[in-house]
Amino acid sequence: MDLKTRKRLAKLVAMLGASNEGERDNARRRIDEILRRHKASWAELPELLRNVSPDDPQPSPPVDNLDGRGIGPLDLLTHILRRYLHLQEHEHLAIALWIAHTHVFDRFMVTPRLALVSPVRGCGKTVALSLLHGLCANSTKTDGISPAALFRLIDQGNSLTVLCDEVDNYNLANDGTFRAVVSSGHRRGGKIIRVIEGNPRSFKTFAPLALAAIGTLPLPMIHRSLVISMTRADSSQPLKRFDELRAAADLDAIFRFVYVWSHKVELDTDPPMPDGLRNRAADNWRPLLAIADACGDEWASRRAKPRSRCRAATRTKTRR
């Protein structure tokens, strides 16, 4: 594939983060056409686009309240998250790192799940997923999906980020297939095999996945997740009301900034890990710490310090 076509692909991929759903769908169709014409697949996109940026100049990101200093992807992502979500500072950073990882997850062995849980309604989970929808790579957001639809959706586009809301309605305690898809897609090479028209067929499941639920999630999912415990906002942290139409321009600009960054950044896929962070918790944090390290000393210094319990270890608090 020549450089001109690859640049065209890069421009279309950037349009997958557009605020207009029709524009996103049109971009996806045109990407499909180009890939079919060149006998390539979505799984090959990361390699085709490596070191290639769209011809359009990178848009100027919003910089209000950033003190005019040089900015990077984590500055912008934490900035927009603080504007709309009632969270602790380390939770803003954890979500920002997870968003950035969706743009580069194919470079790692593990893609941690993001679990947004709350004890009651009205804690901002749906707003959080709407923000993720505008900021994550090639994302799709759903309020309900069957296991079969989920693994087929992931298999069709290997760089897809899936955002699932209302997961407390999924009957996860009794739906082993959904749990299996979520668990298998945590690690590169994960797949589900089903018999289709009398023949076994393998479906890839490796893809970034976020789950929002009231209550909790089954333990195997928790162990594979960064867990963000959300609560209702109070007066201590003034927030802007989230309006998807009004926020679209900022989300689109930040998405394009992160997209361009993801094609230029060099990552250490096996970064030094904090003492005490081991096994699956370390697997979950490895891609995120690699991103923090690549974003400069200020972010690299906010190394995670694991807590004593397994659940808390996946939601570790950063230190200054």
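What translational diffusion coefficient, to the nearest whole µm²/s, does segment 172-235 have by Stokes-Einstein, given a Kirkwood radius computed over alpha-carbon pairs, a temperature of 37 °C and 0.692 mPa s viscosity? Result for D is 239 µm²/s. Note on segment 117-218: Cα Rg divided by 2.2 N^0.38 Å, N the number of residues, gives 1.10. If a/c stays under 1.5 just call it rounded; otherwise compare a/b with b/c (prolate if a/b is bigger, oblate if not). Do that for segment 226-276, with a ≥ b ≥ c from the square roots of the Cα gyration tensor eigenvalues. It comes out oblate by the Cα gyration axes.
Please state, to two decimals, what the Cα-based radius of gyration of segment 207-305 comes to when divided by 2.2 N^0.38 Å (N = residues).
Here the Cα radius of gyration is 1.34 times the empirical estimate.
Above 17 angstrom, tally the Cα pairs of segment 120-174 and express them as a % of all pairs, no decimals. When all Cα pairs of segment 120-174 are counted, 42 percent exceed 17 Å.
No lab work stands behind these numbers, since they all come straight from the coordinates. From a predicted model like this one, the values you see are computed outputs, not experimental measurements.
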